[in-house]
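Okay, structure first, notes after.
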Amino acid sequence: MKAVIMEIHKDYCIVVTEEGRFLRRKIPSGVFEIGDEIMIDQEITFEPAKTPRQSMVGRYLATALVVAVIIIGAVLGIRFIRQYYASEGMGLAEYETVAEEAVGEEAEEPQYEYEESAEVKRDEGEETLAEEEEKEGNVVYKDIYFLDVENWAQEKIRGIMFSYRVESGTVLQVQLENISNEPGFDGTFELFMLKADKSETRVIDIPFRNFVPGDLFEDSFLLQEGEISFRLEVFEEF
Amino acid sequence: MRSLEDRIARAKDEKDEANRLISEFKPFIASVVQKKVGRFVEYGVDEELSVGLMAFKEAIDSYDRAKSKFLSFARMVISMRLIDYYRKSKKERTVSIEGSDRSDIAADESAMEQYMIADENEKRILEIIEYRNLLKKWGISLEQLADISPQKEDLREQYKMVARVIAGNESILKALFRTKRLPVKEIENILSIHPKKLERGRIYIIAMVLAMVAGFSYLNISRGGMK
């Protein structure tokens with residue numbers, strides 16, 4: 001893709017592409033002038049443009065998936081509680097009361113507590129499925145970012161401000177701040193580190209449990225040789 | 001709008017106009033110097049830039065519009081003064097100037113002819129400088145545009161569509177220039193775009209409007225980067 005150099009800085013220049021995008025690009029010092037045309041990499045698109053019909057279908061599918069996850073979760077939760085208290089020899093009335101409370105608190109229960117019951121292990125297949133669904137959640141955001149930015153680049157994703165920059169060309173600094181007014185975020189930010197040939201070198205997982213408004217997460221990661229970009233995928237648990 | 005050559009003619013007599021030109025063309029001067037010395041240079045740090053500034057002023061004073069385009073002429077003067085500077089200081093560290101003598105001067109003369117032919121490139125540089133100045137008046141920098149420029153093509157096209165509507169509608173355009181704010185309601189009446197979306201793309205839309213209104217011929221930002 002052709003681009004025109006609009007401004008030259010020490011380690012990079014700002015170009016405007018044929019498509020009207022303003023980008024930062026690394027250029028060798030003292031080679032180019034303002035106004036020069038250069039060739040830059042083609043933009044990598046992960047998601048083809050959807051027709052309105054496809055978008056509608058996607059929304060219905062996402063809604064159906066969310067409903068299915070809730071129903072499966074509730075059914076498994078109730079079954080587990082029933083089995084657990086049955087094994088403890090609890091009375092029916094007592095069991096009903098505890099079961100209702102437990103279903104209400106289900107979302108806050110840490111996953112490992114469910115594994116304490118020997119009875120639950122009988123339904124191992126079902127539980128593994130439920131675990132996988134809970135872990136993966138829904139991919140709510142997917143995009144690619146290049147590691148050639150010295151200044152903070154920002155993107156607001158599901159009420160969370162995702163910022164990153166590369167310091168001295170070797171350290172990837174990441175910041176995540178919940179700037180929404182909504183309840184806490186549960187999910188994972190996954191950074192798939194990519195080489196120039198799009199192959200993945202590693203995955204950086206940043207999981208969140210109840211990441212409430214005002215919370216700030218900061219971390220730095222040493223870049224590995226050949227990493228030039230990353231694909232950000234955000235999974236949200238419902 | 002006055003041409004650059006008109007402004008140069010005026011700058012010969014008016015010191016303020018000369019200073020304005022030097023200030024506006026600082027990025028151009030730096031890019032010429034950088035290309036000549038083969039490394040990044042910074043104002044206030046590298047002496048070569050002072051040489052470049054003085055050479056640019058000299059170019060203003062000695063420019064004859066009948067002979068060449070100003071930027072080609074200024075580029076040549078800057079190159080020659082840098083050569084003089086290196087001869088005087090006897091520095092031998094640059095790539096392009098190292099060992100330069102008659103052959104370099106001849107190369108510069110030849111380059112000058114090439115630049116005169118490459119009229120289009122020169123006009124594009126002028127339009128970039130003009131565009132930067134326009135953006136500056138609105139408090140927008142190219143760095144900012146690089147930060148907020150939409151990645152998704154469909155969103156970019158939507159914003160360009162908004163910019164076209166604004167640029168093509170006199171009353172909306174006047175409202176924008178008067179208030180320096182996007183007339184969201186008026187745009188909503190024409191295009192069904194959510195106000196929040198408009199607000200998010202405010203800077204990019206304004207940048208596109210400015211490019212369209214300026215009517216650049218060689219730097220067609222709203223349709224792409226180049227002619």
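Here are some notes:
- Cross-chain or 6+ apart pairs with Cβ under 6 Å, the stretch A:130-145 first and under 28 Å from A:Phe80 (Cβ atoms), then assigned to a helix (DSSP H, G or I) and modelled with pLDDT of 50 or more: A:Ala130/A:Ile72; A:Ala130/A:Leu76; A:Glu133/A:Val69
- If the condition is being touching a Lys or Arg at 6+ places or on another chain (Cβ under 8 Å) and either among the acidic types (Asp, Glu) or touching a residue at least 60 places away in the same chain (Cβ under 8 Å) (or both), then the stretch A:152-192 contributes A:Phe162, A:Asp186.
- Filtered residue count, the stretch A:7-30, keeping only those that are of a type in the set (Lys, Arg) and at the interface with chain B (Cβ under 7 Å from one of its Cβ atoms): 3
- Listed conditions (1) surrounded by fewer than 14 Cβ atoms within 10 Å (Cβ to Cβ); (2) modelled with pLDDT of 85 or more; (3) more than 14 Å from every other protein chain (Cβ to nearest Cβ) are all met by B:Val184, apart from (1).
- Within the stretch B:132-164, tally of residues that are facing chain A (nearest Cβ under 8 Å) and in a helix (DSSP H, G or I): 10
- Residue in the stretch A:158-179 that is nearest to A:Glu236 (Cα to Cα), counting only those that are at pLDDT below 85 and of a type outside the set (Val, Ile, Thr): A:Arg158
The values are calculated or read from the model by the stated rules, or taken from the named source; none is laboratory data. For clarity, every value in this text was computed on a predicted model and none was experimentally measured. Here the Cβ is made from the backbone with ideal geometry for all residues, glycine too, and neighbour counts use every protein chain on show.
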